[in-house]
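Okay, structure first, notes after.
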Amino acid sequence: MIEIPIEKTTQSKLSQVDFNNLVFGSTFTDHMFDMEYRDGKWQNPRIIPYGPIQIEPGMSVLHYGQAIFEGSKAFYTKDGRINVFRMNKNFERLNCSAKRLCIPDIEEDVYYTAIKKLILLEKAWVPKDRGTALYIRPFIFASESFLGVRPSKTYRFMVILCPVGPYYAEGFNPVKLSTSGEYGRAFQGGVGNAKAAANYAISLFPANEAKKQGFTQVVWLDAKEHRYVEEVGTMNLFCYLDDTLITPPLDEGTILPGVTRESVIHIARDMGIPVCERKIAIEELFDAAEKGTLKEIFGSGTAAVISPVGELHHKGQTIKINGGKTGELAQKMFDEITGIQYGEKSDTNNWCHYLD
Ligand code: COI
């Protein structure tokens with residue numbers, strides 16, 4: 001196992017945290033993991049106090065965006081243990097994103113040991129209430145000061161932690177979504193299926209426009225025909241049409257292969273619900289809403305967990321889904337996933353990684 005020295009903080013911020021009002025991503029724990037890539041290898045792994053890092057203005061990530069990240073969660077279970085949900089999936093995806101962005105990959109032992117050691121050090125930061133978790137944000141960025149356009153020769157791999165509540169201000173209540181209009185998130189052959197920082201940067205302007213009109217987020221349609229539903233950027237999307245749960249397929253490489261997405265597919269099949277990964281045209285949803293066959297739409301993501309969609313807007317028309325209320329399937333899915341995460345339901349698929 002890799003050796004990771006720890007430098008402890010002398011000033012913990014823990015007592016200043018209001019665990020009853022956790023705003024997603026705004027509170028960071030006392031320590032972070034840091035490792036550098038130089039001379040062709042990852043080296044100098046360490047856990048140090050959370051704080052500012054030194055950057056040079058010429059650092060290539062600031063100019064060309066060679067950066068990737070992950071998101072997972074640790075849960076305080078009902079028997080007082082800490083479970084990192086499907087940690088292996090995030091590790092695998094990190095290295096897929098790394099490959100696409102020309103970033104050297106991370107060894108499994110390094111990833112697991114870094115996260116495990118960091119969380120065990122920050123054990124007291126894992127929030128205990130249902131609906132809360134310790135969000136884990138591993139990320140890698142190009143750190144060389146060089147302005148030529150080529151892969152950096154140096155990188156930093158860091159992990160930071162945040163105690164969090166719900167991602168959306170709505171909590172588990174239905175969100176309102178609008179389609180992406182003239183904008184696109186991803187194209188075939190691009191980086192839509194990688195967790196590249198760039199995917200989130202380009203989502204900001206359309207998301208802001210949608211927010212100004214009262215929507216929570218944007219539903220991205222395919223960038224070519226602006227017709228097929230892809231994802232929400234912060235979550236994957238599921239449509240419960242007739243008696244089938246449908247989600248857009250991953251084969252065109254324009255959709256993030258979400259860990260919660262995969263869990264939803266698995267759980268739905270276990271529940272005996274037919275699941276189909278196929279293209280969904282936006283007009284199909286509007287037609288189904290008119291015919292009364294569109295039962296539910298919900299999103300899935302690590303941060304969002306399961307997020308019911310109450311309204312969908314497209315080109316001046318709006319449909320209300322399930323009367324704007326949380327659907328039965330979204331509720332069941334939420335209960336099942338969170339039940340496994342908090343150790344209340346049996347983990348028949350070995351999705352829980354207990355740290356102690
Ligand atoms: C996640 O669900 O973990 C994400 O990374 C989405 C968002 C918070 C960026």
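The values are calculated or read from the model by the stated rules, or taken from the named source; none is laboratory data. Computed from a prediction, not measured in an experiment: that's the story for all the values here. In this analysis, Cβ positions are derived from the backbone assuming ideal geometry, glycine residues included, and neighbour counts consider all displayed protein chains. When the accessible area is computed, the model is the full protein with side chains, heavy atoms only, and any ligands, DNA or RNA have been set aside. Shrake-Rupley method; radii C 1.70, N 1.55, O 1.52, S 1.80 Å.
The table below lists the values:
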{"read-out": "³J(HN,Hα) computed for each position of the stretch 170-179 - Karplus, 6.51 cos²θ - 1.76 cosθ + 1.60, integer Hz, glycine/proline x", "value": "5, x, 8, 6, x, 9, 10, 10, 10, 6"}
{"read-out": "Segment Q213-R130, length gained on full extension (0.36 nm per residue, minus Cα span)", "value": "26.7 nm"}
{"read-out": "Rounded accessible area of C162 (nearest 10 Å², 1.4 Å probe)", "value": "10"}
{"read-out": "Cleavage-rule hits, GluC sites (Glu not before Pro), the stretch 281-356, DSSP coil, Cβ neighbours within 10 Å at most 15", "value": "E344"}
{"read-out": "Cα-centred dipole magnitude for the chain, charges only on beta-carbon of K, R (+1) and D, E (-1), debye, nearest 20", "value": "500"}
{"read-out": "Residue-averaged [θ]222 nm for the chain, counting only DSSP H segments that reach four residues, each worth -39500 (n - 2.57)", "value": "-7000 deg cm²/dmol"}
{"read-out": "For the stretch 175-341, share of DSSP beta bridges that run antiparallel, in % to the nearest 5", "value": "65"}
{"read-out": "Hydrodynamic radius of the stretch 175-341 per Kirkwood, over alpha carbon pairs, in Å", "value": "15.8"}
{"read-out": "Gaussian network model of the chain, springs between alpha carbon atoms under 10 Å - residue of I48, I82, I160 with greatest fluctuation", "value": "I48"}
{"read-out": "Rounded to whole Hz, the Karplus (6.51, -1.76, 1.60) HN-Hα couplings of the stretch 221-238, x for glycine and proline", "value": "9, 4, 6, 8, 9, 6, 10, 9, 5, 10, 7, 9, x, 9, 6, 7, 10, 10"}
{"read-out": "Exposure ranking of E70, E252 by accessible area [1.4 Å probe, largest first]", "value": "E252, E70"}
{"read-out": "Full-extension gain in nm, K332 to Y354, via 0.36 nm per residue minus C-alpha separation", "value": "5.5 nm"}
{"read-out": "Beta bridges per DSSP with both ends in the chain, % antiparallel, nearest 5", "value": "85"}
{"read-out": "The chain - percent of accessible surface contributed by carbon and sulfur, probe 1.4 Å", "value": "50"}
{"read-out": "Per-selection Rg to Rh, the stretch 14-164 - Cα, Kirkwood hydrodynamic radius", "value": "0.99"}
{"read-out": "Environment charge of F69, counting only residues whose C-beta is closer than 9 Å and scoring Lys/Arg +1, Asp/Glu -1", "value": "+1"}
{"read-out": "Exposure rank, largest accessible area first [S15, S97, S143; 1.4 Å]", "value": "S15, S143, S97"}
{"read-out": "Entries in K123/K176; K279/K332; K117/K195; K116/K279 that, when Cα-Cα distance is taken, lie over 29 Å", "value": "K123/K176; K116/K279"}
{"read-out": "Per-selection metrics, the chain (Cα): Rg and Dmax in Å", "value": "20.6, 63"}
